Amino acid sequence: MIPGPIEFEPKVLQALGSPTDSHVSTDFIETFGNSLELMRKVWKSPTGQPFIMAGSGTLAMDMAVVNLIEPNDNVLVISTGYFGERYADICKRYNANVTILTTEVGDTIPLNDIEKELSTKDYKLLTITHVDTSTAVLVHPEPIAKLAKKYDTLCVLDGVCSVAGEEIKQDEWGIDVVFTTSQKAIGVPPGLALLMVSEKAMVVFKNRKTPVSNYYADFTNWLPIMKAYENRSPSYFGTPPVNLISALEISLLHITSEGIENRFLRHKKIATAFREAILALGMKLLPIHKNYSANTLTAVYYPENIDGGKFLKHVADNNIILAGGLLPSHKTQYFRVGHMGSVNNNDILATIGAIESSLTSCNYPFNIGVGVKKALYILNN
Ligand code: PMP
């Protein structure tokens, strides 16, 4: 129950163990082309340009900005945790002038503050972390994308911990780049960076005056490849991860057959049940507002006087693996629970049960069963 890599569907894993086709075989060309088309459905971006790349989420972060910014461009990073900080570092590496808006841990940045900053100078691009996996804070991207449009600023959404788990309507909301990686709610083992780029952003890319300062990540190299696969013709720039892409097609088919709306609702219900169970147990969440709490993972403070290491070990003794804290300033004060992808009611009930058992072993005073009861009530209504 960590926030990625998650548990994967058996048929997705089977694809990884199948014989590896040639990357220019008819079957694989169909798989790649179909995966690109399915991405548009999951991202809700009929007009977007998808990219399927070998790499982790950090490559997707890199690729989204290195193709769109040029030296001395102004970039606004809206940070709600560790991955916002990383985004600022990446943009600085490409010689952008970076302004980072931050706030108290667990909070979001008021729209007014974002607008105030956008009005101070000509921002080429802004970045949002949809769900910062270090804090479990959910940012609502739509109003920020509207502001970006008003100030003619490109809007990039780090959807690593959200795509296929939190609601996203890329085209309708006017977001220029939405990216993720395979090991999260998309449900494929680690190794793929997946991006969807708007028509407007592709024009900005085509009109750039300086070369992209990263060879591997340059759209120039990969755009013809994506277009070729989508047109069902062979092409080569770098060898694609054949088995991972076969697994991706299976997972995207699974996601679209569940129905993306049903999937969001399932995530929301399970997340609500889990959060309410945690609160019923008397524990505190990192996100300050319920409205800004992620549906893909939850971050919980350890109760006072409870040793985090011992708590997690007792949970693990009950066969549930949770993640520790990630935000450097609060690392030892909280733990994280992933509930995305193929997670079901039984998984979350078993997790709450294991947490209750661990709390008992740690001599935490509470009425055993209150968390499970609360969750059952929510899951059954
Ligand atoms: N952004 C967010 C929000 C993430 O959660 C992560 C990884 N947990 C990344 C970016 C980086 O992804 P990766 O570890 O696959 O490089």
message: If the only charges are +1 at each Lys and Arg Cβ and -1 at each Asp and Glu Cβ, what is the size of the charge dipole of the range 123-197 around the Cα centre, to the nearest 20 debye?
response: 140
- prompt: Counting only protein heavy atoms, what percent of the accessible surface of the range 71-176 is carbon or sulfur at a 1.4 Å probe?
  reply: 44
Rg [Å, one decimal], Dmax [Å, integer] - the range 2-77, C-alpha atoms: 16.4, 47
message: Regarding the range 218-293, what's the average projected area of the Cα-atom convex hull, expressed in nm²?
response: 8.6
message: Expected output is a single nm value to one decimal: the length gained when fully extending between K310 and K290, i.e. 0.36 nm times separation in residues minus the C-alpha distance. What is it?
response: 4.4 nm
- request: Can you give me the three principal axis dimensions of the range 184-260 from its C-alpha atoms, in Å, biggest first?
  value: 43, 26, 25
message: Report the Cα-based extents of the range 146-222 along its three principal axes, largest first, to the nearest Å.
response: 38, 32, 15
Evaluated over the range 1-156, the Cα radius of gyration and Dmax, each in Å: 18.3, 56
- line: Rounded to whole angstroms and listed largest first, the alpha-carbon spread of the range 320-381 along its three principal axes comes to 38, 33, 18
message: Ignoring everything except DSSP H segments at least 4 long, calculate the 222 nm mean residue ellipticity for the chain; use -39,500 (n - 2.57) per segment, divide by total residues, nearest 500.
response: -13500 deg cm²/dmol
message: Test of the criteria: in the range 40-146, which trypsin sites (Lys or Arg not before Pro) are in a DSSP loop and have at most 13 other Cβ atoms within 10 angstrom of their Cβ?
response: K121
message: When 1/r is averaged over all different Cα pairs and the result inverted, which Kirkwood radius in Å belongs to the range 266-342?
response: 12.9
- request: Please find the FRET efficiency linking N97 to K227, where r is the Cβ-Cβ separation and R0 is fixed at 35 Å, and quote it to the nearest 0.05.
  value: 0.60
query: How much length is gained if the chain between D89 and D347 is pulled fully straight, taking 0.36 nm per residue apart and subtracting their Cα-Cα distance, in nm to one decimal?
result: 89.3 nm
- prompt: Expressed as a fraction of 2.2 N^0.38 Å, the rule-of-thumb size for a compact globular protein of N residues, what is the C-alpha radius of gyration of the range 236-381?
  reply: 1.19
- request: Under 19 Å Cα to Cα from K290, which aspartates and glutamates show up? Leave out anything in the same chain fewer than 8 places away.
  value: E104, D107, D132, E142, E166, E167, E276
field: Length-normalised contact order of the range 305-381 in % [C-alpha pairs under 8 Å, at least 6 apart]
entry: 31
message: Can you give me the angle between helix 219-230 and the longest principal axis of the chain, using Cα atoms only, in degrees from 0 to 90, rounded to the nearest 10?
response: 80
query: So which of K92/K268; K146/K209; K116/K269; K184/K331 end up more than 31 Å apart by C-alpha?
result: K92/K268; K116/K269
- request: Using a 1.4 Å probe over the heavy atoms of the protein chains, calculate the carbon and sulfur portion of the accessible area of the range 182-295 as a whole percent.
  value: 58
task: Please name whichever of I321, A350, V337 sits farthest to the positive end of the charge dipole of the range 290-352, dipole taken about the Cα centre and charges placed at Cβ: Lys and Arg +1, Asp and Glu -1.
output: V337
- line: Inter-part gap, Cα centre of the range 231-310 to Cα centre of the range 139-183, in whole angstrom, is 16
Cα long-axis angle, helix 260-280 against the chain (0 to 90 degrees, to the nearest 10): 30
- request: Would you calculate the separation in nanometres between label points at E104 and E30, each defined as 7 Å from the Cα along the Cα-to-beta-carbon direction?
  value: 5.8
field: Distance (nanometres) between label positions extended 7 Å along Cα→Cβ at A54 and L279
entry: 4.7
- prompt: What accessible area per residue comes out for the chain, rounded to a whole number of Å², with a 1.4 Å probe?
  reply: 41
query: Roughly what would the spin-label model give for D152 and D113, points 7 Å off Cα along C-beta, in nm?
result: 2.8
- request: For the chain, give the magnitude of the charge dipole about the Cα centre (Cβ charges: +1 Lys/Arg, -1 Asp/Glu; no others), in debye to the nearest 20.
  value: 300
field: Exposure rule at most 13 other beta-carbon atoms within 10 Å, DSSP loop GluC sites (Glu not before Pro): the chain longest free segment
entry: 105-303
message: Show me the ranking of peptides 16-23, 278-285, 175-182, 55-62 by mean Cβ neighbours inside 10 Å, starting with the highest.
response: 175-182, 55-62, 278-285, 16-23
statement: Of the convex hull drawn through the C-alpha atoms of the chain, the volume per residue in Å³ is 128
- request: Order I2, I225, most accessible first, counting only protein heavy atoms with a 1.4 angstrom probe.
  value: I2, I225
Mean Cα-pair separation over length for the chain, i.e. relative contact order, pairs under 8 Å, 6 or more apart, %: 24
query: Nearest 10 degrees, 0 to 90: what angle lies between the long axis of helix 345-361 and the longest principal axis of the chain (Cα atoms)?
result: 50
task: Note down the relative contact order for the range 241-305 as a percent, whole number, built from C-alpha pairs under 8 angstrom at least six residues apart.
output: 28
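The values are calculated or read from the model by the stated rules, or taken from the named source; none is laboratory data. Predicted, not measured: the structure shown is a model, and the values here were computed from it. Backbone-built Cβ (ideal geometry, glycine too); neighbour counts: all protein chains shown. SASA here: full protein model, heavy atoms, side chains in, ligands and nucleic acids out. Shrake-Rupley method; radii C 1.70, N 1.55, O 1.52, S 1.80 Å.
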